[in-house]
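Every read-out reported here was derived from the displayed coordinates using simple, explicitly stated rules and does not represent laboratory data. This structure is a prediction, so every number in the text was calculated from the model and none was measured. All Cβ positions, even for glycine, are placed from backbone atoms using ideal geometry, and neighbour counts span all protein chains on display.
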Amino acid sequence: MWQSLLMIVVVAAATTYVIWTFLPALRRQRLLDALASVGLLRGVAARHRAKLSASGCAGCAAHSLRVRR
């Protein structure tokens, strides 16, 4: 019984991760905003919004090196 329950949890976590990674950035933000409106993941939603509004693309803006001239 515990083995079945553990497998259900592992499969659910893996499925959630795969769905999250394939979602476009704006759809992720909408989902985070919906969760933040009910009091869940407010900080995560704010950090994701800041990442989206940063210069560059949403995927690489946090990892880009800024060169000063």
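Order these peptides, 16-28, 39-51, by their mean beta-carbon neighbour count within 10 angstrom, highest first. Let's see the in-between values first.
Working: 16-28: 10.5, 39-51: 13.2.
Highest mean packing first, the order is 39-51, 16-28.
Provide the FRET efficiency to the nearest 0.05 for the ASP33-LEU6 pair, computing r from the beta carbons and using R0 = 25 Å.
0.15
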